[in-house]
Amino acid sequence: QESEFSPAVVIGTGYGAAVTALRLGAAGIPTVMLEMGQLWNTPAADGKIFPSMLSPDKRAMWFKKRTEAPLASFLWLDLANRNIDPYAGVLDRVHFGDMSVYVGRGVGGGSLVNGAMAVVPKRSYFEQILPAVDADEMYGTYFPRANAGLGVNHIDPDWFESCDSYQFARVSRKHAHNAGLATTFVPSVYDFDYMRREEANEVPRSALASEVIYGNNHGKRSLDKSYLAAALGTGNVTIRTLHEVRDIIRQQDGTWVLTVRQSDPDGNVLAVKQLGAKYLFLGAGSLGSTELLVRARDTGKLPELSDEVGQGWGTNGNVMLGRANHLWDTTGALESGMPALGIDAWNDPQNPVFAEIAPVPAGIETWASLYLAITRNPERGYFTYDAASDSARLQWEISQGQPSIDAAKNLFDKINAANGTIYRYDLFGDTRAFENRFTYHPLGGLVLGRATDLYGRVKGYRNLYVTDGSLIPGSTGVNPFVTITALAERNIERILAEDLR
Ligand code: FDA
C-alpha cells in the first residue's frame, strides 16, 4: 500500500473529465487523472493501434471472450463477431438484464470509440430538460467554447454530393425526402479534409477502412488529441492509466481518500493504492460515476448522499433499425464509418425523432439503410447497490423502451410507405426490426439540481463534484457529447471562481 496526496483528482478521462482537468491545470492546480483503461498510442504487431470492425481482436473489447458488435447478424449469419482473448480493450458493453450500455475504456473515454457526431441540442429542448440552466449563457458562451475545444468541423457539401463514401447517406436522404421529411448535416470531430484525402488514396484509410467503435487509427480528434493534450500541456496534469477507483472515503478534515486498483492489460491486479485529494471530481461517465456514489452511500462510507443518487437514468431514447433497399437503389461497397447526415423530425409534436443516418461499413453492398434514432422517451431507470458483486445494478425494464420504438416506427413507417420498402429483420440476431436493448448514450444517475446543485456540487458533501454525462437527466435529443462538454465548461468555470480561489 502506498499513500499520496494531490490537490485535485479527476476520476475518468472522458468529456467531462477532460474539460475539468484542462481548466484545473490552466488555473495552476496540480491534478491527477485516474483512468481504468489504457493509453491508446502504441501500434501493435500489425502496425496499428486499433483493430477494424471487420477483423476485431483482443484490443476491441474490455475483457470479453467474444466481440459484441451492435449489428449481431447479417442475413442471420454472425459475420461481425469474433472470439477474442480477455484484455483491457477499448470498447465495453455492460449488461444489466434487459439493457446493455456501450462505453469507451481508455484515455479519452467514449471519444475513442464514438461516431464523432458533434451536435448542439435544440435550444427549446435544452430549456425543457435543464430549465434551471441559463440557456443564453450556454448558447452564447459554453456551446461555442465546447465546439472550439473539441475541434468540431463541417463537411464540404460539394464533396458530400460527389464522393463514394456517402452514397449510403444520399440514398437515405432521398428516401426521407420522398416522405416529406427534412435532413440536416451533422458537424463532426472527424477531420473531413482527412476523409476526402482517404477517398483520393492520398493518406492511410480509417473512416473509409471500416474503423469505428473499436477506435480510429487516423482522422478522428478524440479527446487525447484535443482537451487532454491541452491539459497535459499545462504541465499541471498527469494521467494514470489502468487505475480503477473502487472506493471513496472522507477524512475527518474533509479531504478525500480513494482506494485505487492498478492492473496490467491482462487484468492482473498489480497494486491496491490509497490516493488523497482535497477536491474530487467524478468524470467516470454515467455508469462509472453513479456506481461510485451508489456504492459509497449504500456501504455507509458517504451516508449523507441523497436518495437522488442513482436516479434519473435514461437511454437518450436510442433505438436502432435497418430498412431494406430496392435492388436498384445501391449504397455502394464503400461507406464512411462516420455519420454525416441526420433526419430531423424533432419538431413533430407527438413523436419527435432525430435519426442519425448510420453506416454499415461491411465493405460490401448490403442493400440496407441503417439508423440510430434518438427519441423523446420519458421512461427513466435507476441504480441499486448489489452487495454480493459490490456493484451498482441498473433497473430498466424492456417495456420502458417501447415509447422509443413507437416513435421510430411512426417515422420509418412513413419512409417505407413513400418508397415501397420494408424493414430489415436479420440484423439484430433474431427477427426484430427495432433494437432497443442497448444504448450508446447513457445519461443521468446524478442529475444536475437533484443529486448535485446547479453546478455539479454533490449534495451532502463539500469539495465533491460530478462533471460528466450522469448530470444530464436521461435525454438531450441529439448525440450527447457536445452537451456534456459544454455543461462541464460552464460548471468548472463557476467552481474555479467560487470554490478553488
Ligand atoms: P465517458 O464515458 O466518455 O468517460 C468515462 C471514463 O471513465 C472512461 O474512460 C472509463 O474507462 C473511465 N472510468 C469509469 N469508471 C472508472 C473508475 N471507477 N475508475 C477510473 N476510471 C473509470 N456521442 C456523440 O455525441 N456523438 C456520437 O457520434 C456518439 N457515438 C457513440 C458511439 C458509440 C459506439 C458509443 C459507445 C458512444 C457514442 N456516443 C456519441 C456517446 C458519447 O461517447 C458519450 O456520451 C460520452 O463519451 C460520455 O462522456 P462522459 O464524460 O460522460 O464519460
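The values are calculated or read from the model by the stated rules, or taken from the named source; none is laboratory data. Small disclaimer: the values here were computed from a predicted structure and weren't measured. Positions of Cβ are backbone-derived with ideal geometry, glycine not excepted, and every protein chain shown enters the neighbour counts.
Restricting region 388-428 to residues that are within 18 Å of Asn318 (Cα to Cα) and of a type in the set (Gly, Ala, Ser) leaves a set whose member that is surrounded by the fewest Cβ atoms within 10 Å (Cβ to Cβ) is Ser399.
Checking each residue in region 1-35 for being assigned to a loop (DSSP other than H, G, I, E, B), within 21 Å of the chain's Cα centre (by Cα) and of a type outside the set (Asp, Glu) picks out Gly12, Thr13, Gly14.
For region 235-246, a residue qualifies if it is crowded, with 17+ Cβ neighbours inside 10 Å and closer than 19 Å to Asp390 by Cα, and the qualifying residues are His243, Glu244, Val245.
Taking the options Ala407, Ala392, name whichever one is in contact with a Gly (Cβ under 9 Å, 6 or more places away or on another chain), in a helix (DSSP H, G or I), touching a residue at least 60 places away in the same chain (Cβ under 8 Å) and within 20 Å of Met99 (Cβ to Cβ).
Details: Ala392 fails: in a helix (DSSP H, G or I).
Checking each option against the conditions leaves just Ala407.
Consider region 411-445 and keep the residues that are among the polar types (S, T, N, Q) and under 25 Å from the mean Cα position of the chain (by Cα). The one that is nearest to the ligand (Cβ to nearest atom) is Thr439.
From Ala271, Ala209, Ala231, which residue is over 20 Å from Leu287 (Cβ atoms), touching a helix residue (DSSP H, G or I) at 6+ places or on another chain (Cβ under 7 Å), touching a residue at least 60 places away in the same chain (Cβ under 8 Å) and not β-branched (Val, Ile, Thr)? So the residue among Ala271, Ala209, Ala231 that is over 20 Å from Leu287 (Cβ atoms), touching a helix residue (DSSP H, G or I) at 6+ places or on another chain (Cβ under 7 Å), touching a residue at least 60 places away in the same chain (Cβ under 8 Å) and not β-branched (Val, Ile, Thr) is Ala231. The residues of region 194-226 that are more than 13 Å from Val113 (Cβ to Cβ), among the charged types (D, E, K, R) and either within 16 Å of the ligand (Cβ to nearest atom) or in a loop (DSSP other than H, G, I, E, B) (or both), listed by number, are Glu202, Arg205, Arg221, Lys225. Residue-level check: of (1) at pLDDT 95 or above; (2) surrounded by 20 or more Cβ atoms within 10 Å (Cβ to Cβ), Val203 misses just (2). Annotation: of all residues in region 81-99 being in contact (Cβ under 8 Å) with a residue 60 or more places away in the chain and over 17 Å from the mean Cα position of the chain (by Cα), the one that is surrounded by the most Cβ atoms within 10 Å (Cβ to Cβ) is Ala88.
Given Val458, Val466, Val478, Val482, which one is away from the ligand (no atom under 12 Å from the Cβ) and at pLDDT 95 or above?
On the way: Val466 fails: away from the ligand (no atom under 12 Å from the Cβ); Val478 fails: away from the ligand (no atom under 12 Å from the Cβ); Val482 fails: away from the ligand (no atom under 12 Å from the Cβ).
Checking each option against the conditions leaves just Val458.
No other residue among Asp266, Asp247 is in a loop (DSSP other than H, G, I, E, B) and either in contact with a Ser or Thr (Cβ under 9 Å, 6 or more places away or on another chain) or away from the ligand (no atom under 14 Å from the Cβ) (or both) apart from Asp266.
Residues considered: Ala207, Ala229, Ala176. Of these, the only one that is more than 20 Å from the chain's Cα centre (by Cα) and among the small types (Gly, Ala, Ser) is Ala176. Taking each residue of region 472-494 that is in contact (Cβ under 8 Å) with a residue 60 or more places away in the chain and among the aromatic types (Phe, Trp, Tyr) and looking for partners that are assigned to a helix (DSSP H, G or I) and within 12 Å of the ligand (Cβ to nearest atom) with beta-carbon atoms closer than 9 Å, six or more apart or interchain, yields Phe481/Tyr15; Phe481/Gly110; Phe481/Ser111; Phe481/Ala146; Phe481/Leu150; Phe481/Gly469. Set side by side, the residues Glu365, Glu335, Glu356 differ, and just one is within 13 Å of the ligand (Cβ to nearest atom) and either among the acidic types (Asp, Glu) or in contact (Cβ under 8 Å) with a residue 40 or more places away in the chain (or both), which is Glu356.
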